[in-house]
Amino acid sequence: MDNTINRVSRRTMLGLVGAAAVSPFVPQQLAMAENSSLKAEDTAFLEELEKRACLFFWEQASPTTGQVLDRARNDLAPGARDPRRMASIASTGFGLTALCIADHRGFLSRSEIVDRVRTTLDWHLNHLHHEHGFYYHFTDLETGVPFPGSEVSSIDTALFLCGVLTARAYFKDAKIHALATQIYERVDWPWMLNGGNTFSMGWFPDKGFLAARWEHYCELMMIYLLAVGSPTHPVAPSTWKAFTRPTIDYAGFKYISGNDPIFTHQYSQAWFDFRGKHDDYTNYFDNSVKATKAHKAFCLSMPKWYSEDYWGISASDYAEGYTAWGGPPLQGPVDGTVVPCAAGGSLAFAPADCIHVLRAMQAKYGAKAWGRYGFVDAFHPSANWYDSDVLGIDQGITVIMAENLRSSLIWDTFMRNPEAAGAMKKVGFVRG
């Protein structure tokens, strides 16, 4: 089985751009407040990090369908497309969000971006096969035909929808608004409950629903909030209480978490703004701050491999393929490999620590670890292994959290969707 598809079960179960490559224009939201606590050199680093990530979502997407490749080589010539054909619906959702950032920062021309967003939404609404509004995880970039072994995925559809709703709120464009609204409102959320109180992880046409469910705290919060907020096919707010919230106590940090990689504390918070509010259980932003600090402490507990200048492990490629690994507690075959999106996706939670380690790794490992689209997905210098690829979901969480740290752009934009704010209110979030 293709290694990229095989990772579904693992994850589910548990001077880049030359001046000529970027069209100058006036960004849409220059009035957005910038984070004044960042040093100028840190802001410059984040700008370059974001620019390169946005370039991935522009170059490694189909102009015809708007789908974005699941992965691509990081050493491609300017404008070249990786020959692989596997698109990821999650990568496309991250890509729609990245296009909002590219517009805000002036990385690409607005007319081209708006045209790409319209094309993407139209194709996914009117041409890509869906089941009750849910999409297959992996499809052919140009035809939309599902790859063998790919499931209709609840979490990956949710990631796509977050991108759809971000684009709807960001662009003041009637066509984008109409297309995005139709995509979101046709999702039949009760169908994915499959008679239970928690969502199934997916569905196959020949085998039906997966037995595995989204039933303990992880990246699942977006599924429940999108479903509760649906104006057409909602689920009861009580489903928010249906998943468990186990706790981890490590190195003085006690927080809600499953035994899952660090990305599970990042994904929902790329869009939903949990700052300064809590439900009956916790303040989830503060919870992710604790998870990030505990993860750093976990890495530094292995000084043979990790240090202040080199830490971070999340689900990623490694020398033997793809794995879901990290900690605490220890998960997977941790061997000294570092995964930049572990710190990249936590930039908003622990800015000083995450910026420091990312800048240190860029400075020390240079072109071996840093290419056209930013950091490679993972690398292991002592084993002389540097991934050749970047992954859309890992570039995506990094660019979004970098921008949220700098300006809160995606948080502020996404939360303008009344369904998002309404869902959080319905499930019991209050200020304080």
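The values are calculated or read from the model by the stated rules, or taken from the named source; none is laboratory data. No experiment lies behind these values; they were computed from the predicted model shown. Note: ideal-geometry Cβ built from the backbone for every residue, glycine included; neighbour counts use all protein chains shown.
Computed values, structure above
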| item | result |
| --- | --- |
| Residue tally, condition over 30 Å from LEU210 (Cα atoms) and either of a type in the set (Gly, Ala, Ser) or not in a helix (DSSP H, G or I) (or both), over region 159-193 | 7 |
| From LYS254, LYS293, residue being basic (Lys, Arg), surrounded by fewer than 24 Cβ atoms within 10 Å (Cβ to Cβ) and in a helix (DSSP H, G or I) | LYS293 |
| Unique residue being buried (at least 24 other Cβ atoms within 10 Å of the Cβ) and over 23 Å from TRP214 (Cα atoms) when the list is GLY276, GLY312, GLY321 | GLY312 |
| Cross-chain or 6+ apart pairs with Cβ under 8 Å, region 409-432 first and under 19 Å from ASN283 (Cα atoms) and in a helix (DSSP H, G or I), then at pLDDT below 95 and of a type outside the set (D, E, K, R) | ASP412/MET32 |
| Residues within region 268-323 that are closer than 21 Å to SER382 by Cβ and of a type in the set (Gly, Ala, Ser), tallied | 7 |
| Residue check, SER301 among the polar types (S, T, N, Q) and under 19 Å from the mean Cα position of the chain (by Cα) | no |
| Near pairs, Cβ below 8 angstrom, 6+ apart or cross-chain, from region 325-342 (closer than 21 Å to ALA53 by Cβ and of a type in the set (Ser, Thr, Tyr)) to any residue that is at pLDDT 95 or above and buried (at least 22 other Cβ atoms within 10 Å of the Cβ) | THR337/ILE313; THR337/SER316; THR337/TYR318; THR337/ALA378; THR337/PHE379 |
| LEU96 being touching a strand residue (DSSP E or B) at 6+ places or on another chain (Cβ under 6 Å) and either surrounded by 24 or more Cβ atoms within 10 Å (Cβ to Cβ) or modelled with pLDDT under 95 (or both) | no |
| Meets criteria (aliphatic (A, V, I, L, M) and either under 19 Å from the mean Cα position of the chain (by Cα) or in a loop (DSSP other than H, G, I, E, B) (or both)) for ALA352 | no |
| Residues of region 73-92 satisfying the condition of being of a type outside the set (Val, Ile, Thr) and under 16 Å from the mean Cα position of the chain (by Cα) | ALA87, SER88, ALA90, SER91 |
| Residue, surrounded by the most Cβ atoms within 10 Å (Cβ to Cβ), within region 176-209, restricted to residues that are among the small types (Gly, Ala, Ser) and either touching a Phe, Trp or Tyr at 6+ places or on another chain (Cβ under 8 Å) or closer than 30 Å to ASP115 by Cα (or both) | ALA180 |
| ASP156 vs. criteria part of a loop (DSSP other than H, G, I, E, B) and either on the phi < 0 side of the Ramachandran plot or surrounded by 22 or more Cβ atoms within 10 Å (Cβ to Cβ) (or both) | no |
| Any hit, region 382-389, residues being surrounded by fewer than 20 Cβ atoms within 10 Å (Cβ to Cβ), modelled with pLDDT of 95 or more, among the hydroxyl-bearing types (Ser, Thr, Tyr) and under 23 Å from ILE89 (Cα atoms) | yes |
| Some residue of region 368-375 being buried (at least 23 other Cβ atoms within 10 Å of the Cβ) and among the hydroxyl-bearing types (Ser, Thr, Tyr) | yes |
| Subset of region 308-329 [closer than 19 Å to TYR250 by Cβ and either among the β-branched types (Val, Ile, Thr) or part of a strand (DSSP E or B) (or both)] | ILE313, GLY326 |
| Some residue of region 396-407 being more than 19 Å from LYS293 (Cβ to Cβ), surrounded by fewer than 24 Cβ atoms within 10 Å (Cβ to Cβ) and touching a helix residue (DSSP H, G or I) at 6+ places or on another chain (Cβ under 9 Å) | yes |
